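Inspection log for the structure reproduced underneath, given as structure tokens.
The values are calculated or read from the model by the stated rules, or taken from the named source; none is laboratory data. Just so you know, these numbers come straight off a predicted model, no measurement behind them. All Cβ positions, glycine included, derive from the backbone under ideal geometry; neighbour counts span all protein chains shown. Heavy atoms of the whole protein, side chains included, go into the accessibility calculation; ligands, DNA and RNA do not. Shrake-Rupley method; radii C 1.70, N 1.55, O 1.52, S 1.80 Å.
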Amino acid sequence: MNNNEIIAKYLPANTDIKIHNNFLTFEITHALLKEIVCDLYRKHNLPLKIITATDERGENGCFKIFYVFGVPKENVFLAPFIRIESSEEFPSLTSEIHEASTYERKIKTFFGLDPKGHPNPRALILHENWPQGVFPLRKDFNWQTRPAEAKEHFEFYKIDGEGIYEIPVGPIHAGIIEPGHFRFNVAGEEILNLEPRLGFVHKGSEKLFEVLPLEKKLILSEKISGDSAFSHSLAFCQAAESLGGINVPERAKYLRVVYAEMERLVNHLGDIGAIMLDTGFSFGGANGSRLREMVMQINERLTGSRFLRGVNIFGGVAKDIDKQTAEKLIEDLENIVNDFSEVIEVAENSDSLLNRLKGTGIISSQIAKDHGVTGVAGRAGGAKNDARIDFSYAAYDKLDFQVAMEESSDVYARFRVRIKEVYSSFEIIKQALANMPEGAINAQASEVNLKQSSFAVGIAEGWRGDIVYFTITDANGNISRVDVRDPSFLNWTAAGHAGPGNIVPDFPLINKSFNLSYSGNDL
């Protein structure tokens, strides 16, 4: 469909649309907000990609809140928005669309805009040592300011009753992992309620995106979640390329596919091993780590970086793969995949392993939908969401592959989706290398000039799920706002629902089966 057909199908008649390439914005009133947004979400079943705010008091005398929906297979984004001028309130949509809840809490915490009617308006990410009334994403907040330390109090949800007690876990953990706090309410060993609390690695990334020069913004995107450096930088590059009208050469698009799938392989191999290790199945854990390390060494050989940093640049990539290197890459990966198959064959014949995985950490399909669960966790419950197909980018539309799916939405299903994606990634890499055209690997732009007062969304399917970069330029063509939505931002809200009904010793296994990013959530 073209833009006019999309507008006619999804939007009310006579809507005043502003078109920014594939990003369509239109203003709506507070009174019509619920009707129009719920129409897009329920009637048209469009995926909600992000809800975010901007401080435009200096330019337009208002704040704005954008509700960004994607149109699958069309690679178009619809963004109704409201103005907030005379007050600092806006209508909460949480009672109608539960997925809006966390976005609205974040807007309240960072912009000081109050979602009226929200059932749980507690602060998000910023902790009780952050003073009330100080909102870091307002333009008049100096990014170099260190506010006075406050002494507020945070209340976890609590279940009272005879024999029910609390277990605090974290924020400091025994392993070398990021900090996060988990509060359990239990009866004996059975989990009744599990509440994750994050924000311990908040870095002020969204504020830094406002002030850093463009080339430093690209480096920052690689640091949002270190194990997804390539996919995060790819999503940001695609947003900037849209704003700058930069045409990426075809060869670069294929190379981006190869590197993205190498990142997926590294992390899935590590996670598959770690899930087995958390059951005490040391054979699987050791081999997962070994295979992950082998792919990371290949990444370093190809690019100079084990984590594929410095590979994406505006207009393409900085590292090529010649024919001889491609042949060696396929040979090495084939050996790794054959090795992996032998490990999985042993694992699938271990009754003690499968007994721990099957039926553990289930999240219902309704919970998954309500929380917007994405990526591996979503596909493990039958949700066929994959940005490589739904919002195709790079050269994915030229390649033939299937979305890995399971139905049971337990630890075993998340384990199996990862296994399927290992095989799929190998086949995608082979196709990409076999079909990659000759030519330049980047646009060789000496300077990137972005459109003034424009919008773009960059999206990439990271190994956890889809990564979204909402990006705006000001009247001078400088990026003035970047909101990053890592898949962990959505999936953390659902992970707590996988706890009840299980026992406390199952929690590390359940948590590992999601393996969400603390840093990507905390920003």
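Scan LYS358, LYS384 and give me the residue that is in contact with an Asp or Glu (Cβ under 9 Å, 6 or more places away or on another chain), open to solvent by 50 Å² or more (accessible area, probe 1.4 Å), basic (Lys, Arg) and at pLDDT below 95. Full working, then the answer.
On the way: LYS358 fails: at pLDDT below 95.
Just a single option satisfies the conditions, and that option is LYS384.
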Looking across the stretch 198-257 at residues that are assigned to a helix (DSSP H, G or I) and of a type in the set (Val, Ile, Thr), the single one that is farthest from ASP522 (Cα to Cα) is VAL257
Checked pairs for the stretch 396-413, first polar (S, T, N, Q), second open to solvent by less than 60 Å² (accessible area, probe 1.4 Å), C-beta under 6 Å and 6 or more apart or across chains, list as SER409/ILE363; SER409/ALA380; SER409/GLY381
Check whether at least one residue in the stretch 482-502 is within 20 Å of SER392 (Cβ to Cβ) and of a type in the set (Gly, Ala, Ser), and report yes or no.
-> no
Restricting the stretch 453-503 to residues that are closer than 30 Å to GLY359 by Cα and among the β-branched types (Val, Ile, Thr), the one surrounded by the fewest Cβ atoms within 10 Å (Cβ to Cβ) turns out to be ILE503
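Test PHE426 against the criterion of being part of a loop (DSSP other than H, G, I, E, B), hydrophobic (A, V, I, L, M, F, W, C) and closer than 26 Å to ARG251 by Cβ, and give yes or no. Reasoning before the result, please.
Details: part of a loop (DSSP other than H, G, I, E, B): no; hydrophobic (A, V, I, L, M, F, W, C): yes; closer than 26 Å to ARG251 by Cβ: yes.
Considered against the rule, which asks whether it is part of a loop (DSSP other than H, G, I, E, B), hydrophobic (A, V, I, L, M, F, W, C) and closer than 26 Å to ARG251 by Cβ, PHE426 comes out as no.
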Exactly one of ASN349, ASN335 is open to solvent by 10 Å² or more (accessible area, probe 1.4 Å) and farther than 27 Å from PHE514 by Cβ, and that residue is ASN335
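Kindly indicate which of GLU89, GLU104, GLU149, GLU56 is over 23 Å from THR493 (Cβ atoms) and buried (at least 17 other Cβ atoms within 10 Å of the Cβ).
Step by step, each of GLU89, GLU104, GLU149, GLU56 is checked, and only GLU56 is over 23 Å from THR493 (Cβ atoms) and buried (at least 17 other Cβ atoms within 10 Å of the Cβ).
Among the listed residues ASN449, ASN435, identify the single one that is more than 26 Å from the chain's Cα centre (by Cα), more than 26 Å from LEU218 (Cα to Cα) and in contact (Cβ under 8 Å) with a residue 60 or more places away in the chain. Break it down stepwise before answering.
Working: ASN449 fails: more than 26 Å from LEU218 (Cα to Cα).
So the residue among ASN449, ASN435 that is more than 26 Å from the chain's Cα centre (by Cα), more than 26 Å from LEU218 (Cα to Cα) and in contact (Cβ under 8 Å) with a residue 60 or more places away in the chain is ASN435.
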Open item on the list: So for the stretch 354-362 (the condition being in contact (Cβ under 8 Å) with a residue 24 or more places away in the chain, of a type outside the set (Lys, Arg), within 26 Å of SER231 (Cβ to Cβ) and in contact with a helix residue (DSSP H, G or I) (Cβ under 9 Å, 6 or more places away or on another chain)), does at least one residue qualify?
Closed with: yes
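Could you list, in sequence order, the residues of the stretch 80-136 that are of a type in the set (Phe, Trp, Tyr) and within 21 Å of GLY61 (Cβ to Cβ)? Give the steps one after another, and end with the answer.
Of the stretch 80-136, the ones of a type in the set (Phe, Trp, Tyr) are 81, 90, 103, 110-111, 130, 135.
Once the filter is applied, which keeps residues that are of a type in the set (Phe, Trp, Tyr) and within 21 Å of GLY61 (Cβ to Cβ), the stretch 80-136 yields PHE81, PHE90, PHE110, PHE111, PHE135.
Can you name every residue in the stretch 103-149 that is outside any loop (DSSP other than H, G, I, E, B), touching a helix residue (DSSP H, G or I) at 6+ places or on another chain (Cβ under 9 Å) and free of Cβ contacts under 8 Å to residues at least 60 places away in the same chain?
If we filter the stretch 103-149 for residues that are outside any loop (DSSP other than H, G, I, E, B), which is where we start, we get 103-111, 114-116.
Then keep just the ones that are touching a helix residue (DSSP H, G or I) at 6+ places or on another chain (Cβ under 9 Å); that gives 103, 106, 110, 114-115.
Listed by number, the residues that qualify are TYR103, LYS106, ASP114, PRO115.
Of all the residues that make up the stretch 294-323, how many are on the phi > 0 side of the Ramachandran plot and in contact with a Phe, Trp or Tyr (Cβ under 7 Å, 6 or more places away or on another chain)?
1
So in the stretch 504-523, with the set limited to residues that are under 30 Å from GLU210 (Cβ atoms) and among the small types (Gly, Ala, Ser), which one is surrounded by the fewest Cβ atoms within 10 Å (Cβ to Cβ)?
Initial filter on the stretch 504-523 (under 30 Å from GLU210 (Cβ atoms)): 516-523.
Still in the running and among the small types (Gly, Ala, Ser): 517, 519-520.
On the way: SER517: 23, SER519: 21, GLY520: 26.
Among them, the one singled out is SER519.
For (1) over 18 Å from ILE441 (Cβ atoms); (2) buried (at least 21 other Cβ atoms within 10 Å of the Cβ); (3) of a type outside the set (Ser, Thr, Tyr); (4) under 20 Å from the mean Cα position of the chain (by Cα), each residue gets a yes or a no:
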{"position": "MET262", "(1), (2), (3), (4)": "no, yes, yes, yes"}
{"position": "ALA274", "(1), (2), (3), (4)": "yes, no, yes, no"}
{"position": "ASN287", "(1), (2), (3), (4)": "yes, yes, yes, no"}
{"position": "LEU308", "(1), (2), (3), (4)": "no, yes, yes, yes"}
{"position": "ILE313", "(1), (2), (3), (4)": "no, no, yes, no"}
{"position": "GLU327", "(1), (2), (3), (4)": "yes, no, yes, no"}
From the option list PRO121, PRO115, PRO136, single residue qualifying as in contact with a Ser or Thr (Cβ under 8 Å, 6 or more places away or on another chain) and under 27 Å from HIS202 (Cα atoms) is PRO115
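Being surrounded by 23 or more Cβ atoms within 10 Å (Cβ to Cβ) and under 27 Å from GLY204 (Cβ atoms) is the requirement here; does ALA432 meet it?
Values: surrounded by 23 or more Cβ atoms within 10 Å (Cβ to Cβ): yes; under 27 Å from GLY204 (Cβ atoms): no.
For ALA432, the condition - surrounded by 23 or more Cβ atoms within 10 Å (Cβ to Cβ) and under 27 Å from GLY204 (Cβ atoms) - is not met.
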Residues in the stretch 301-318: is at least one touching a Gly at 6+ places or on another chain (Cβ under 6 Å) and touching a residue at least 24 places away in the same chain (Cβ under 8 Å)?
no
All-but-one check, ILE298 against (1) open to solvent by 60 Å² or more (accessible area, probe 1.4 Å); (2) part of a helix (DSSP H, G or I), failing number (1)
Taking ILE177 as the residue in question, decide whether it is under 20 Å from the mean Cα position of the chain (by Cα), surrounded by fewer than 16 Cβ atoms within 10 Å (Cβ to Cβ) and either on the phi > 0 side of the Ramachandran plot or in a loop (DSSP other than H, G, I, E, B) (or both). yes
* Asked: Are any of the residues in the stretch 260-283 of a type in the set (A, V, I, L, M, F, W, C) and over 30 Å from SER350 (Cβ atoms)?
  -> yes
